[in-house]
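Peer 1: Dropping a structure here in structure tokens format, bear with me for questions.
The values are calculated or read from the model by the stated rules, or taken from the named source; none is laboratory data. What you see is a predicted model; the values in this text were computed from it and never measured. Note that we place each Cβ from the backbone using ideal geometry, even for glycine, and neighbour counts take in every protein chain shown. Note: accessible area is taken over every heavy atom of the protein model, side chains too, but ligands, DNA and RNA are not part of it. Shrake-Rupley method; radii C 1.70, N 1.55, O 1.52, S 1.80 Å.
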Amino acid sequence: MQFVQNFPFMSIIISLFSGPLSSIIGGKKAKWINTAVISLIGLMSVAVLMYVIGTGESYVYTMGHFPAPWGNEIRVGILEASMAVFFCLIMLLCMLGGVYEREQEIEETKMNLYYVMVNLLLCSLLALIYTNDLFTAYVFVEINTISACGLIMIKQNGRTLEAATRYMIMSLLGSGLLLLGICFLYDLTGHLLMSNIKEQVYLIHDAGMYNMPLLVSLGLISVGLAIKSALFPFHSWLPDAYGYSTVSSAAILSSLVSKGYIFLLAKIFFRVIGFDIVRESKVINVLFVFGVAGMIMGSVSAIRENNIRRMIAFSSVAQIGYIYMGLGLGTMNGVIASIYHVISHAATKSLLFVAASGLTDVSDDSTEIRAMAGAGYRNKLAGVAFTVGSFSMVGIPMFSGFISKLLFAQAAVESMHKILPTLIALAISTILNAMYFMRTVILIYTPDRRSGVRKKKLRRITIKEQPSKTAALILFIILNLLLGLSSEPVIALFRSGLGMFA
């Protein structure tokens with residue numbers, strides 16, 4: 001075994017142990033450790049990605065050199081390594097873009113605890129990406145949930161405490177359903193290792209036995225992870241959780257946490273049950289219906305919002321609907337479109353949250369959309385960044401969101417019975433996206449007509465004033481343009497990775 005093959009396991013361990021280390025040191029040192037850990041793991045993930053691309057095949061890393069059921073495994077392929085690289089990049093930029101707000105909103109004595117939660121969250125996301133064991137996945141789902149709650153409530157005001165409570169209640173409901181589904185699968189197959197479960201599931205399916213228990217298990221797992229990823233109508237916790245937490249938390253939660261659950265669901269579809277069996281079960285039809293409903297209803301709720309951060313949060317409900325709609329198409333191209341939208345939405349929604357905080361800074365700290373007239377002039381970079389993110393969400397060519405919608409439309413052509421509702425939903429959702437995002441873009445570039453005294457009090461921010469946020473916004477813009485203008489290599493990478501993944 002080559003040394004680079006140890007990197008996925010080392011990445012999980014490094015992020016896991018950096019959490020307790022951060023708890024016993026000061027906030028500033030914890031910040032530097034967090035930055036170093038994310039950067040190091042990102043570089044290690046790049047090395048792993050280069051290795052699996054070079055070999056052209058995935059590999060299994062057995063921890064402790066004991067086979068199942070005594071040992072545990074992680075499995076590494078192109079898709080897993082790609083997700084690890086991208087998750088590290090997005091998390092690093094989210095942390096970079098929210099430095100100023102964290103210092104203002106989090107008590108100094110609790111700052112190191114914030115980095116504990118971030119490190120544990122990174123650990124859980126990496127474990128969900130790499131693990132080949134279903135129960136291990138459940139354990140890290142719970143670590144993910146607890147870490148996310150900590151990120152929400154770290155501000156410790158009434159809104160965030162309420163949001164964290166609602167998030168915990170809904171997440172525990174989803175976790176309970178997921179655990180029940182795993183228990184049913186274990187009872188049916190006698191295994192927790194994903195590859196072993198899949199072998200037994202195919203034997204059971206071919207023998208025509210236990211079809212109903214298998215369907216119940218698949219349904220429980222799908223609904224549990226749908227609840228945790230805020231698929232409509234299980235999204236009630238999301239607007240407050242994203243809207244009132246600190247900027248870094250909102251960006252990380254919207255771009256990464258829900259995507260970890262979706263990636264786990266894709267793993268279960270392909271590596272535990274088998275995608276052909278999933279198609280036969282008709283569970284994907286249910287996901288398709290709720291995905292389409294989420295695309296529309298999330299956008300309708302966003303139109304009605306006057307708070308810019310809650311508007312962006314409701315937009316996430318619509319974008320998660322896109323991902324589930326792609327999975328619900330039941331084709332490989334639909335899955336590729338969903339995976340591409342995972343990274344497109346993560347890059348764009350993080351950009352929007354960080355840019356919105358820049359607009360809020362120059363609008364007397366108000367998050368009300370009507371208070372942001374002329375904010376694009378008072379903070380030029382934040383205005384440009386918010387415009388880029390909005391164009392991407394609407395689906396303007398050159399930006400990553402356009403590629404996502406194009407891939408969904410192309411995938412829909414392969415599904416005879418779903419092509420019409422998919423194309424109609426894409427058209428309606430695009431119009432609704434334009435209504436609330438373009439309304440905001442126009443407003444931030446509309447001259448402020450308030451009284452002279454009031455206008456003089458409004459702050460102006462230059463590019464040099466907040467260097468960390470400036471760097472994050474510029475890199476987010478570049479990333480969005482790269483995904484929009486150079487999408488073919490990324491799609492080809494995901495296509496080969498999905499073939500290896502399945």
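Peer 1: Evaluate the range 182-195: report whether one residue or more is out of contact with any helix residue (DSSP H, G or I) (no Cβ under 7 Å at 6 or more places or on another chain) and either crowded, with 20+ Cβ neighbours inside 10 Å or among the charged types (D, E, K, R) (or both).
Peer 2: Scanning the range 182-195, I find at least one residue that is out of contact with any helix residue (DSSP H, G or I) (no Cβ under 7 Å at 6 or more places or on another chain) and either crowded, with 20+ Cβ neighbours inside 10 Å or among the charged types (D, E, K, R) (or both), so the answer is yes.
Peer 1: Look at ILE343 and say whether it is within 12 Å of the chain's Cα centre (by Cα) and open to solvent by 10 Å² or more (accessible area, probe 1.4 Å).
Peer 2: no
Peer 1: For the condition open to solvent by 20 Å² or more (accessible area, probe 1.4 Å), part of a loop (DSSP other than H, G, I, E, B), of a type outside the set (Asp, Glu) and within 22 Å of LEU483 (Cβ to Cβ), what is the one hit in MET416, MET398?
Peer 2: Unique residue meeting the criteria: MET398.
Table: residues versus (1) more than 21 Å from the chain's Cα centre (by Cα); (2) among the polar types (S, T, N, Q); (3) open to solvent by 20 Å² or more (accessible area, probe 1.4 Å).
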{"position": "ALA250", "(1), (2), (3)": "no, no, no"}
{"position": "SER254", "(1), (2), (3)": "no, yes, no"}
{"position": "VAL257", "(1), (2), (3)": "no, no, no"}
{"position": "GLY260", "(1), (2), (3)": "no, no, no"}
{"position": "LYS267", "(1), (2), (3)": "no, no, no"}
{"position": "ARG271", "(1), (2), (3)": "no, no, no"}
{"position": "ASP276", "(1), (2), (3)": "yes, no, yes"}
{"position": "VAL292", "(1), (2), (3)": "no, no, yes"}
{"position": "ILE296", "(1), (2), (3)": "no, no, yes"}
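Peer 1: Can you find even one residue in the range 126-137 that is in contact with an Asp or Glu (Cβ under 7 Å, 6 or more places away or on another chain), part of a loop (DSSP other than H, G, I, E, B), within 14 Å of ILE12 (Cβ to Cβ) and in contact (Cβ under 8 Å) with a residue 40 or more places away in the chain?
Peer 2: Yes.
Peer 1: Next up: Taking only the range 137-168 into account, find how many residues are over 20 Å from the mean Cα position of the chain (by Cα) and surrounded by fewer than 18 Cβ atoms within 10 Å (Cβ to Cβ).
Peer 2: Residues that pass the stated criteria total 7.
Peer 1: Working only within the range 233-255, note down all residues that are more than 24 Å from GLN104 (Cα to Cα) and touching a Phe, Trp or Tyr at 6+ places or on another chain (Cβ under 6 Å).
Peer 2: Hit for the range 233-255 is TRP237, nothing else.
Peer 1: Could you list, ordered by first residue, the pairs with Cβ atoms under 7 Å in which the first is in the range 1-18 and more than 15 Å from LEU43 (Cβ to Cβ) and of a type outside the set (D, E, K, R) and the second is at pLDDT 85 or above and not in a helix (DSSP H, G or I), at least 6 apart or interchain?
Peer 2: GLN5/TYR59; PHE9/ILE74
Peer 1: Right, another one. Yes or no: TYR51 open to solvent by less than 60 Å² (accessible area, probe 1.4 Å), assigned to a helix (DSSP H, G or I) and more than 20 Å from TYR340 (Cα to Cα)?
Peer 2: Here the answer is yes, as TYR51 does meet what is asked.
Peer 1: For the range 69-88, indicate whether the set of residues that are more than 26 Å from ALA356 (Cα to Cα), open to solvent by less than 40 Å² (accessible area, probe 1.4 Å), of a type in the set (Ser, Thr, Tyr) and in a helix (DSSP H, G or I) is non-empty.
Peer 2: yes
Peer 1: Check every one of the helices (runs of 4 or more DSSP H) wholly within the range 222-279 and list those with 2 or more residues that are at pLDDT 85 or above.
Peer 2: Counting at least 2 such residues, we get 247-252, 258-267.
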